Amino acid sequence: MTLTDFYKNYRVKHVKNKKIGKILLWAVILSAIVLLIVSLVLRGSPHKKYQAKNFYFVYAGKYNSQAKATEISKQVSDLGGAGVIYTIGNTLFVVAGAYSNMEDAVIVKSQISTTFSEADVLKVSTKSFSKPVSKAVDNIQVCKNYYRDLNELCLELQNYSLAYDVGEIDISDVYKKLMTIKQNFTNLSNSLIKDDHYSKTMYASSLVVLEHFGSFFSSAFASNSPSKYLKKLHVSIIVEFVNMCGLI
């Protein structure tokens, strides 16, 4: 074989390899585009929005006696905790505080264990909506807004409570923020009076939420220690969020 023939063969192979390389490159690019589109579709899908949301209750103890649960609830409240009694079946959990991740809850649990030896963490989750229900709720703008805002409120209240406890914000800031949020839920409540199942369920929920806000303001204004009432509001709102999702 002459050098010319060698270079000709190399050129043919090089061109073929280059074409194959281009084809493989485009295949990779197209696959990446398809995966990105699928990811975006799933991320924006109604079903993903309404999947289960998890919360972690730090409780001082669990009891079968209402009298005992009430007694421990008062102790927790006097020490600055929520003191909310959360019932599952015949068991009454006395909740000191709520958190959005297990790590924070475990730290707080260890801190209160010296006072409440039976303290532990309870995972509480909202019901995940089915695809048809997710689509139906998502198609009603006010229902979509109510679900979103109630979910966000569960997280906002934790942030406000922590910020207040460490002195980053004062109680007047908390009042202003919560008054604005309460007005938002009042507006949502007025918009939810309709004949469909989802709107009626959320309307009933909004009345409970507004009742909790009313209880917070009346108690906190009259107290020199509003922190526990902020924690109580936080836990109560999460409980209502979980209950509302269970009825959808």
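Suppose we filter Lys127, Lys123, Lys109 for residues that are among the basic types (Lys, Arg), at pLDDT 95 or above, in a loop (DSSP other than H, G, I, E, B) and on the phi < 0 side of the Ramachandran plot; which single one remains? So that I can check it myself, show each step before the final result.
On the way: Lys123 fails: in a loop (DSSP other than H, G, I, E, B); Lys109 fails: in a loop (DSSP other than H, G, I, E, B).
One residue alone meets the criteria, Lys127.
In region 77-100, what count of residues is obtained for those that are in a loop (DSSP other than H, G, I, E, B) and either in contact with a helix residue (DSSP H, G or I) (Cβ under 9 Å, 6 or more places away or on another chain) or among the β-branched types (Val, Ile, Thr) (or both)?
Just the residues of region 77-100 that are in a loop (DSSP other than H, G, I, E, B), to begin with: 79-83, 89-90, 100.
Pick out the ones that are also either in contact with a helix residue (DSSP H, G or I) (Cβ under 9 Å, 6 or more places away or on another chain) or among the β-branched types (Val, Ile, Thr) (or both) and you get 79-83, 100.
Total satisfying the criteria: 6.
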Read through the list (1) at pLDDT 95 or above; (2) in contact with a helix residue (DSSP H, G or I) (Cβ under 6 Å, 6 or more places away or on another chain), then give the number of the only condition that Pro46 fails.
(1)
Within region 127-165, residues open to solvent by less than 50 Å² (accessible area, probe 1.4 Å) and hydroxyl-bearing (Ser, Thr, Tyr) come out as Ser134, Tyr146, Tyr147, Tyr160, Ser161
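Any residue that is open to solvent by less than 30 Å² (accessible area, probe 1.4 Å) and of a type in the set (Ser, Thr, Tyr) - is there at least one of those in region 166-187?
Just the residues of region 166-187 that are open to solvent by less than 30 Å² (accessible area, probe 1.4 Å), to begin with: 174, 178, 181, 185.
The next check asks that each one be of a type in the set (Ser, Thr, Tyr); those that pass are none.
No, the conditions are met nowhere in region 166-187.
The values are calculated or read from the model by the stated rules, or taken from the named source; none is laboratory data. Bear in mind that the values here come from a model prediction, so they are computed numbers and not experimental data. Cβ coordinates were reconstructed from backbone atoms using ideal geometry, including for glycine residues, and neighbour counts include every protein chain displayed. The area values use the complete protein model at the heavy-atom level, side chains included, leaving out ligands, DNA and RNA. Shrake-Rupley method; radii C 1.70, N 1.55, O 1.52, S 1.80 Å.
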